[in-house]
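Heads up, the thing below is written out as structure tokens.
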Amino acid sequence: GGDIYEIGLEFDVPDRLFANTGYTIELEPHCRNDPRFFSNRVVVVEQGTEGQQTSGINKRPQYYKANGRSVKLYVKVPKGSISSIYLLAVPTPPFELEDVYPYVNSYSVTWKFRYFARRLEQLPAAVSVAA
């Protein structure tokens, strides 16, 4: 425990949503990079406590926002314990689709993404751990 990790994530965003359907949505370049379309999270939790109510120090998961199409952040796992790090890569769909048939019944926005996680010996200069 107490290790520092660098975590990165980048989405491949298409030029249009639902291409070759009756409801194609063109995405302008500024929309494709709008951080509001990406509600990513990183969760650090002590191994063995996932989904359980526990008492004690360092048992509560740590949540970090990582909004944006391309993100990099640094997290530190609690000292003295073995932790799991979960990356939740979440593209946020445009609101106009929430009640449009057939999308509300069968389609969801899914985009390919790449990620990495690596343990560091120390933080790079001029970088701080996510709060």
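The values are calculated or read from the model by the stated rules, or taken from the named source; none is laboratory data. Nothing here was measured: the structure is a model prediction, and the numbers come from that model. No Cβ is skipped: glycine too gets one built from the backbone with ideal geometry, and neighbour counts run over all protein chains shown. The protein model used for the area step is the full one, side chains on, heavy atoms only, and it has no ligands, DNA or RNA in it. Shrake-Rupley method; radii C 1.70, N 1.55, O 1.52, S 1.80 Å.
A compact table of results
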{"quantity": "Residue that is modelled with the highest pLDDT [pool: residues in the range 74-88 that are open to solvent by less than 30 Å² (accessible area, probe 1.4 Å) and part of a loop (DSSP other than H, G, I, E, B)]", "calculated": "77"}
{"quantity": "Flag if residue 63 is surrounded by 15 or more Cβ atoms within 10 Å (Cβ to Cβ), aromatic (Phe, Trp, Tyr) and modelled with pLDDT of 80 or more", "calculated": "no"}
{"quantity": "The range 1-47 - residue that is without any contact (Cβ under 8 Å) to a residue 12 or more places away in the chain and small (Gly, Ala, Ser) and, of those, most open to solvent (accessible area, probe 1.4 Å)", "calculated": "22"}
{"quantity": "Any hit, the range 109-127, residues being open to solvent by less than 70 Å² (accessible area, probe 1.4 Å), of a type in the set (Asp, Glu) and modelled with pLDDT of 80 or more", "calculated": "no"}
